[in-house]
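In what follows, a single structure is set out as structure tokens and then discussed.
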Amino acid sequence: MADHVPPPDDALLPGPLKDFIFDLHDTSRRSHLPTEQTTLYHTTFPTLTSKYFATTPWPSPRSVSTECGGDKLFLALYTELTARHLHTVSRPSVRDRIAGWVVYRNLFDMLLEHVESVAAGVAAGSTAQDNDDDAGLYLLPEWSFDVLHEFVYQFQGFCQFRTATFAAAARTSYSSSESDGADGGGGGGGGGSKKTPSPHVMESLRVLSDHRDAWAVESVLDYLHRFVRAGCGAPPSASATTNSASPASAATRLSEVIARAGLAYRHLGLFASVALSRLECLLGDYTASLKALGPVFDVTAPLIVPPIPPGGGDDPTGGSGGGVGVGGGVGGSGALTPLDFVNSVTPARISLSYHASISYLMLRRYRDATSTLGTIATFMQRGFKTGQLRRDPHSDQYGRQYDRILALLAILGHVCPTSDIVEEGVMRVVRDRHNGQLNKIDSGEEGYEDLFLFACPKFISANVPDYSRILAPAVEGGGGAGGAAATTTSTNATNAIPTGQDAYRLQVRQFTSEMEIQSTLRKLRSYMKLYTSIDVAKLAAFNDVREEELVQILLTCKHKTRQVQRCDGVSLST
Amino acid sequence: MATPSHADIINILAKSSADPTTVTQLESYVRAQVDSLYGPAALTTSEPSSPYNFDANRALTKLYQFFPHLADESCTALILLLSLLEYPSTDFTALACLVPERVQEREPCATLSRCSDLLEQSHFSTFWVTFRELIINDSASEELKMAAASPAAVRKVRGSILNLLGLTYKVAPIGTVLSALDVKDEAALKEYVNGDDIAKKIVENVDGDKVVFVSREENTKKSRVFKEAVGLDAIAAALAKGCHTATAAGQ
């Protein structure tokens, strides 16, 4: 009797699926062919997904490992790609969200360990031959962006879920404590039903409490910063203390690292910069959001050279594909500056512009915000007209993003009118869509807040709540003293009941308080446009205020109209 | 623990973005910045050893946001005070987006927020009254009170307000200037201007009931005149031409 040989793990896989895995692995680890990978990523993967896995997960990494030689790094990328698909077709539970963190942690640990060891080798002067068994990694720019974009998206979703779950549980717990206190008794004896949050909510809280490290904000930020350092070099302030700190030597070192580790790391570095900018904006740190874009706008940074197909000509980097040019300026052979490279991926371009503009708006840099939004709005308007954007895989999101951009331009055009920054075609659309709202504001009604609520991102609170407030057993007080203590505790707790919207409300409050001041200046500006000179008393009368109040308004106008503005050719972050 | 130097802080900020173990060092640096307002270093004219560092203060505020159990509200108040003194920069605005609402609504941060609002709306005389409330605020730490009362803090804000006046006015009534700067009378104003390098560059002279500011682009009437009105004869000529063309077309 023959021994039973278990069938290979991939025995049940469809043939096209096996081919897809094999080819994708080949393009990312060996051949580095962008055109082939583009077809696999943008066409073959969606086709196979809709045909075989429309609402179910893709096969496990173990099932497909024979198609890629058990390459752990590739399998981690495969896991992320397929988990991303599952996230879009199902509503993730708390365990799914935790599992998502594990996927990214595994992938990023592997990627960063690899590139950081290469960087250490370069710094130590080791030669490329020492790493002969390392094939390097190539990922399409779109693929690199999607990984990091989804990472921040899942982090954002996790924070919102965690905050909302805790807030819901806290409201139920504390409102029941209040009613017990009002009854004058301790928890056990008094009247009134004691409410606890639903079992589903309690279970979620327990899972969150057991996995406090999942999606920890310091880890998320650390990963993004490490990708930026690996793919774009360390920031100047950190390297200033080292011996070999000149920009030229830093650029050479970066080129060497990318040539050995793979062009994917350069892509990941630049898109990590965009992702970091977005994350900082969601956290309300607008200064950091703009600073994060430094590598993208670094005019001295090495260019990005697309990979050269095998046998397609001299390879300046000595590898199988392209790499990083040394030196600034726009080069030939399709070499791109970091900004042009980021702009070549439409969702990255839109994300960068949108979050930078929000940051400018909140930091009262209205002209910079207008300029950035005007450029992206023009690009999107043309893209819709020519149909280019509708053919893009992310086209379903572009319409909504365009609407938000127009709403922001409506605010900015009203608060800081400029005639020379935004194309007339775009401003016409802004006026058509938002004239009613803006007329309301002119007549003295509140309107900026509604526009901002529509256009702003979903701000998040990243801190880990104190789960013990809900999960710890309630103290059963007895008698008057216990009841009084329970009442005092519940009162303090009531004062601190999270609403789940705290982060969001804080940013909206900051915005509206600034807009209240801007509203008072608008009427004054309209009169000042009509006159080359006017008596202060007369202007005060037009504005229905006393002369002393008008002086204050004039000073405020002078103060508010002076704003930091970016000079041409200087980084967006300054 | 020894106060970290400015270079130490630069290195901390470059290495780690959200490391809770850096909280103590960053707090120490905040206190050093405040100390430079009223400590022995405030009496010297040399550069302070712990200069104001917005990025360090912002990093600490974010760490408080991420790790609320580490948050020290008295330190938050010191950070807000330091940023308030940087008016008219948007440092306070940027930090206010990171400090939780419940902290901003409690003293002494509530008074600091009111001070910022008053500066933003140019209610300078009310600002000084509110600012001095910090010195007697029960919720304020001794460091905050001393910093708010320090001549260095007053000088910083006064200089910024004077600069705004200098951008807005070429000649201002002395009463407006005295109340905006919280200065008693003409003699005190002259003493302040003569003793302050920044004020000397802004104020040309104090002359009786007027303060004359140094001419700058912002406070000088522009010489170029834009002809905004169109003369009737110009319109009449165009109308006549238009009518003539229409008549010829109709025939």
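The values are calculated or read from the model by the stated rules, or taken from the named source; none is laboratory data. Small disclaimer: the values here were computed from a predicted structure and weren't measured. We place every Cβ from the backbone using ideal geometry, glycine too, and count neighbours over all the protein chains shown. For the accessible areas, the whole protein counts, side chains as well, though only heavy atoms, and no ligand, DNA or RNA atoms are used. Shrake-Rupley method; radii C 1.70, N 1.55, O 1.52, S 1.80 Å.
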Selection status of residue A:271, away from every other protein chain (no Cβ under 14 Å), part of a helix (DSSP H, G or I) and under 30 Å from residue B:65 (Cα atoms): yes
Within the range A:449-474, which residues are farther than 19 Å from residue A:508 by Cα and not polar (S, T, N, Q)? A:464, A:465, A:466, A:467, A:469, A:470, A:471, A:472, A:473, A:474
I'd like the full set of residues that are of a type in the set (Lys, Arg), within 13 Å of another protein chain (Cβ to nearest Cβ) and surrounded by 14 or more Cβ atoms within 10 Å (Cβ to Cβ), limited to the range A:506-546. A:509
Residue A:347 is checked against (1) modelled with pLDDT under 85; (2) open to solvent by less than 50 Å² (accessible area, probe 1.4 Å) and fails just one. What number does that condition carry? (1)
What pairs can you find where one residue is in the range A:142-161 and among the β-branched types (Val, Ile, Thr), the other is outside any helix (DSSP H, G or I) and buried (at least 20 other Cβ atoms within 10 Å of the Cβ), and their Cβ atoms are less than 8 Å apart, with a gap of 6+ or different chains? A:147/A:139
Name the one entry in A:42, A:87 that is in a helix (DSSP H, G or I), within 30 Å of residue A:201 (Cβ to Cβ) and not aliphatic (A, V, I, L, M). A:87
Return the pairs, sorted by first residue and then second, in which the second residue is among the hydrophobic types (A, V, I, L, M, F, W, C) and open to solvent by 10 Å² or more (accessible area, probe 1.4 Å), the first residue lies in the range B:77-90 and is in contact (Cβ under 8 Å) with a residue 24 or more places away in the chain, the beta carbons are less than 6 Å apart, and the residues are 6+ apart or on different chains. B:83/B:92; B:84/B:92
3 or more residues at pLDDT 95 or above and open to solvent by less than 20 Å² (accessible area, probe 1.4 Å): qualifying helices (runs of 4 or more DSSP H) within the range B:1-76: B:23-38, B:54-66
Just one of A:449, A:445 is outside any helix (DSSP H, G or I) and out of contact with any Pro (no Cβ under 8 Å at 6 or more places or on another chain); which is it? A:445
Residue A:419 being more than 23 Å from residue A:339 (Cα to Cα) and out of contact with any helix residue (DSSP H, G or I) (no Cβ under 7 Å at 6 or more places or on another chain): yes
Which one is nearest to the other protein chains (Cβ to nearest Cβ) among residues in the range A:359-380 that are closer than 18 Å to residue A:399 by Cα and of a type in the set (A, V, I, L, M)? A:373
Out of all the residues in the range B:127-162, which are part of a helix (DSSP H, G or I), surrounded by fewer than 21 Cβ atoms within 10 Å (Cβ to Cβ) and charged (D, E, K, R)? B:132, B:133, B:142, B:143, B:145, B:155, B:156
Taking the range B:84-115 and keeping only residues that are farther than 21 Å from residue B:138 by Cβ, more than 8 Å from chain A (Cβ to nearest Cβ) and not acidic (Asp, Glu), one is left with B:85, B:87, B:89, B:92, B:95
Which numbered condition in (1) in a helix (DSSP H, G or I); (2) modelled with pLDDT under 90 is the only one that residue A:401 fails? (2)
Pick from the range A:436-463 the residues that are among the polar types (S, T, N, Q) and more than 14 Å from chain B (Cβ to nearest Cβ): which of them is least open to solvent (accessible area, probe 1.4 Å)? A:437
